[in-house]
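All remarks here apply to the structure that follows.
A short reminder: the numbers here are calculations on the coordinates, not readings from a lab. All values derive from a computational prediction rather than experimental measurement. Backbone-built Cβ (ideal geometry, glycine too); neighbour counts: all protein chains shown.
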Amino acid sequence: MIMKDLNELFKSFEIGIRSAKATKPQKYLKELGLDYTDMRIGFNSGQFHHRQNQEFKDHFEALGMLAKSGMGVRVKDMTPYTVFGGYGLIFPLMNSENLVVNYFAIRFKMSTPKEQYLNGDGLYPSYPHPNTKRLFITPTLMDCASLIQSKALDQREAALALHDGELLPQHIAAIRELKELEEVIMIKR
């Protein structure tokens, strides 16, 4: 499969979390109270670029998923790369066309888990449905994922995560599109 964009790459991460070898990320999700069978969550083992041609690597380097590394490698003339969110859980952020345009990664294997965004685009979990009446805005993506996983939201309710605690122009644009919106609830920690 030739992956062209973050949307297609995320599909491979969703397959990765379901792998029999992904016991550590599955266990970490369980500790967080999140179920990958119920939500869009992936696992980036850090190997999606292995055995790929240079054009593929250059493309994903331009998207920010790969960065050339100074690490030594055993194969002569091979360029080593650092992978965004390597060995981490990956959550997709969507654009208004419902395509993945950004990732939020939790690199849980580190001594202190590291959370990071690939870029400043998109919303999590997605742009709210236009018929949303009540919108919950959470301070973090993980708070939003927990709220969604709780199944506490009714049919005409939606949740949005702030981006690193910030309300971005895409949040405001999405909220302005909600013509039936009656209430916005800001959740604070």
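Each of 112, 79, 132, 138 has some number of other Cβ atoms within 10 Å of its Cβ, and from fewest to most they run 112, 79, 138, 132. Beta bridges per DSSP, both residues in segment 134-186: antiparallel share near 10 percent. In this entry, the chain is assigned a mean projected area of 12.0 nm², taken as a quarter of its C-alpha convex hull surface. What does DSSP give for the chain in terms of the percent of beta bridges that are antiparallel, rounded to the nearest 5? Once the DSSP bridges in the chain are tallied, antiparallel ones form about 65 percent. Applying a DSSP loop filter and a limit of 15 other Cβ atoms within 10 Å to the GluC sites (Glu not before Pro) in segment 109-179 leaves 177.
Helices assigned as whole DSSP H runs in the chain whose Cα atoms extend at least 27 Å along their own long axis and whose mean Kyte-Doolittle hydropathy is 0.0 or higher are not found. Across segment 6-117, the volume of the C-alpha convex hull divided among the residues equals 125 Å³ per residue. Computed on the Cα trace of segment 113-175, the radius of gyration divided by the Kirkwood hydrodynamic radius gives Rg/Rh = 0.96. Distance from the Cα centroid of segment 95-147 to that of segment 1-67 is 16 Å (rounded to whole angstrom).
Placing +1 on each Lys and Arg Cβ and -1 on each Asp and Glu Cβ, with no other charges, gives the chain a dipole about its Cα centre of roughly 820 debye.
Remark: for residue pairs 27/68; 30/151; 151/179, the C-alpha separation exceeds 21 Å in 27/68; 151/179.
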